[in-house]
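First up is the structure itself, then whatever we jot down about it.
Laboratory data are not the source of any read-out in this text; all were calculated from the coordinates shown. The structure presented is a predicted model; accordingly, all values stated were derived computationally and were not measured. Quick reminder, even Gly has a Cβ in these numbers, built from the backbone with ideal geometry, and neighbours come from all protein chains shown.
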Amino acid sequence: MNAPGTQLRGGDANLLTVRDLAVDFTTGRGPLRAVDGVSFDVSRGQTVALVGESGSGKSTTGLAVMGLLPRTKSTVADGTVSFLGNDITAAHDKVMRDLRGAHVSMVFQDPLSALNPVLTIGKQLREMFTRHRGMSSRQAREAAIELLHRVRMPDPERRYRQYPQQFSGGMRQRVVIAMALALEPELIIADEPTTALDVTVQARIMALLRHLTAEQGSGLLLVTHDLAVVAESADQIYVMYAGRVMESGPIRPVYTRPANPYTVGLLASAPTLSAVDRPLHPIPGKPPDPTERPVGCAFHPRCPLATARCREEQPPLREIAPGRLSACHFAEEVHAGGHDQSLATRAAASQ
């Protein structure tokens, strides 16, 4: 259902289409290119993951899609963001306010900061239904309690009357998910939704989010640094580094046969339950200063395959197999080798 005042064309096959997105920030040291030429799609019922280290540009991309970037400090310098075929890149504030909640919702990293501490959970949920759906207070209360049931909140009638600070981290995240799902949006953006939770709770929250979005037929854009979360939840992955997409493709092929040394490094440094005895090999060095990115491939100072060409020429993001893209001069070689062979060894030796 469209929000009042917002008319959307619905003919596009994709819910979300991002093309060549570039975002600049103004800093005391000059302009900073936080996102550089990022493109991806999200369709109904699909979970797409943006993955990378801190500073990779993944969260900035999510905020740009939602129209939540600070306008005094940032600008969409290039590219387009389209929702249901409608270009919303430079949409008016009112259009974006109508879009958020009713059509696109966001689950933030810190659920406590996303909730009003002086209002009960019930009142915060109820207001969404009275304001956006025109329900009576009684109808909104029933809808809110039913929503708490859907997110598997224990004793929802009692929890409805409580305040955010009376909930555990996992329970607060369930409330935030309930709020994101309340108006049955077509697209949900989840930015590091499980970071502050323990592993067991993480798995439950992600399973819940995936189940509920599939049940509603919504698309899910998952922004995270956690490869384990992505492995269990995503259909498509976009690996980001220094503001650019380094590799993309269906989740299983990327995990089993990555085609970029950065993806190889991420996988080699991530613990897994299936290989608890496998030594971990952290990527040497650290991501570049965004205001002083190296010439050529941004990853070359940390890459065990780097050559003079990598230090001089930025590799384009190109197709190296059906549905697989990689921004590496040696993508075919990496793809042919698998992720746990020579590259992991060479990465460890370079430390």
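Summary of computed values
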item	result
Degrees between helix 199-216 axis and first principal axis of the chain (Cα, 0 to 90, nearest 10)	70 degrees
Residues Ala13 and Asp289, FRET efficiency given R0 of 30 Å [Cβ-Cβ distance, rounded to 0.05]	0.15
Ile189 long-range amide H proximity, modeled H, under 5 Å	Ser105, Met106, Val107, Leu221
Candidate aspartates and glutamates - alpha carbon under 17 Å from Lys123, same-chain residues fewer than 8 apart omitted	Glu142, Glu146, Asp155, Glu157
D (Stokes-Einstein, µm²/s), Kirkwood Cα radius, the chain, 1.306 mPa s at 10 °C	74 µm²/s
Value at 222 nm in deg cm²/dmol, rounded to 500, when DSSP H runs of n ≥ 4 in the chain each add -39,500 (n - 2.57)	-10000 deg cm²/dmol
Anisotropy class of the stretch 76-231 from Cα gyration tensor, a/c 1.5 cut	oblate
Cα-based helix-to-principal-axis angle, 169-181 vs the chain, degrees rounded to 10	80 degrees
Pairwise FRET efficiency - Thr26 versus Arg152, Cβ, R0 = 45 Å, nearest 0.05	0.55
Neighbourhood charge, 11 Å Cβ-Cβ cut-off, centred on Thr80 and excluding it, Lys, Arg +1 and Asp, Glu -1	-2
